[in-house]
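One structure is given here, and the rest of the page talks about it.
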Amino acid sequence: MTPTYTVSRINATTHLIIHNDKFLEFPYIYVKVYDNLKVAVIIDTGCGAKSTKGTRGQTNLKTFIDDNVLSTSRGTKNWTFLVICTHCHFDHIGGIESFAKDGATIVASGYDKYFISPENLPQNSFCKAFGVDTPKYKVTHFADDNEHLFQNDNDLDLIALHTPGHTPDSLAIYDVKERWLFAGDTFYQRAATMPWAEEQDVPILFPPQGNWHNWCASLEKLLRLSKSEDAGNEKMLRVACGHATSDALATAMLDRAIDFGKRVAAGKVREVMRLPGKDVAPGGSLGDEMFVYWHDEGDVEFSMMAPERFLKDFETGTV
Ligand SMILES: [Zn+2]
């Protein structure tokens, strides 16, 4: 018997929740608690109750957070929720409906509103392709690039950053006070062991809607931010991702991810195989295209998977 969710703390205000889902995505959910404001910021919401694999404990994310994060901070239930979507993939929006129903503010990137419009969401979220119901919610706030997020009139000291590449709507969040960057699925490390002892091995993944050149530009943008924040500061910026990585030094890891991208584009990372979109992720299909899987031998930090046509994009400039 394994848990449906696990919870741990990554810094003074923020908890990491991992969803033990049947697609083996094991998405990372972050909950930042503003005790004085009675506001909880939820960064992503996992795969949703119906897609849970773990059999122990609560399956509804909101109830889990109420019981395991907020009740320990304060024994009352009058919390206001602000949910941030790092992007619209099914393993990141699955638990959003209960928050939306409860009147939560729902924030998503304003970079490409059409990509996440109700008519495009079932396809672009891959909910349809993985046979899960597309959650019903309305984005109540489309964040601009470099926008400070507010709840009512309170500055949350969170800055939204457009980081298109994995998807057009990819959104990173910089927590100014904690000096923590939430990067979504733009990049993450390859290997992780879940708290319930299950091993995960995940490539940095480009779905058909991914864009190589935007991804490269977004990594450089995050690196510029991280470097300027690190300058003259003893407390280095840390980074937390949508899978596998919740606490790493941001500048160093971004440097390594950019270098890895350059090596993939230059043909210097071993191509393990090519596989059709239906075999890329368990339980669903990423479409009809062929994908390439790059993974050097040994216990390397990153691997990558992208549509075959990216090979052409690699020729026209690298990171
Ligand atoms: Zn994703």
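The values are calculated or read from the model by the stated rules, or taken from the named source; none is laboratory data. Keep in mind that this is a model prediction, so the values were computed, not measured. Don't worry about glycine lacking a Cβ; one is built from the backbone with ideal geometry, like all the others, and counts go over all protein chains shown. Side chains included, ligands, DNA and RNA excluded: accessible areas come from the protein's heavy atoms. Shrake-Rupley method; radii C 1.70, N 1.55, O 1.52, S 1.80 Å.
Here are K278, K262: which of them is surrounded by fewer than 16 Cβ atoms within 10 Å (Cβ to Cβ) and touching a residue at least 24 places away in the same chain (Cβ under 8 Å)? Talk me through it step by step, then tell me what you get.
Numbers: K278 fails: touching a residue at least 24 places away in the same chain (Cβ under 8 Å).
The unique qualifying residue is K262.
Somewhere in region 288-309, is a residue surrounded by fewer than 19 Cβ atoms within 10 Å (Cβ to Cβ), in a loop (DSSP other than H, G, I, E, B) and within 16 Å of the ligand (Cβ to nearest atom)?
No; the residues of region 288-309 include none that is surrounded by fewer than 19 Cβ atoms within 10 Å (Cβ to Cβ), in a loop (DSSP other than H, G, I, E, B) and within 16 Å of the ligand (Cβ to nearest atom).
Looking only at helices (runs of 4 or more DSSP H) that fall completely inside region 69-137, which ones have 1 or more residues that are more than 26 Å from I10 (Cα to Cα) and more than 16 Å from the ligand (Cβ to nearest atom)? If you could, list the steps in order and put the result at the bottom.
Working: elements: 90-93, 97-101, 121-124.
Filter on region 69-137 gives 97-101.
Which one is nearest to the ligand (Cβ to nearest atom) among residues in region 196-216 that are farther than 23 Å from Y5 by Cβ and in contact with a Leu (Cβ under 8 Å, 6 or more places away or on another chain)?
Among those that are farther than 23 Å from Y5 by Cβ and in contact with a Leu (Cβ under 8 Å, 6 or more places away or on another chain), it is P207.
All but one of (1) at negative phi; (2) open to solvent by 10 Å² or more (accessible area, probe 1.4 Å) hold for G232; state the number of the condition that does not hold.
(1)
Kindly indicate whether T163 is within 16 Å of the ligand (Cβ to nearest atom), closer than 23 Å to G48 by Cβ and not acidic (D, E).
Here the answer is no, as T163 does not meet what is asked.
Against the condition modelled with pLDDT of 95 or more and crowded, with 21+ Cβ neighbours inside 10 Å, how does I10 come out, does it pass?
Taking the combined requirement at face value, the residue does not satisfy it.
Exactly one condition in (1) open to solvent by 10 Å² or more (accessible area, probe 1.4 Å); (2) within 15 Å of the ligand (Cβ to nearest atom); (3) closer than 24 Å to L249 by Cβ is false for T186; which is it?
Every condition holds for T186 apart from (1).
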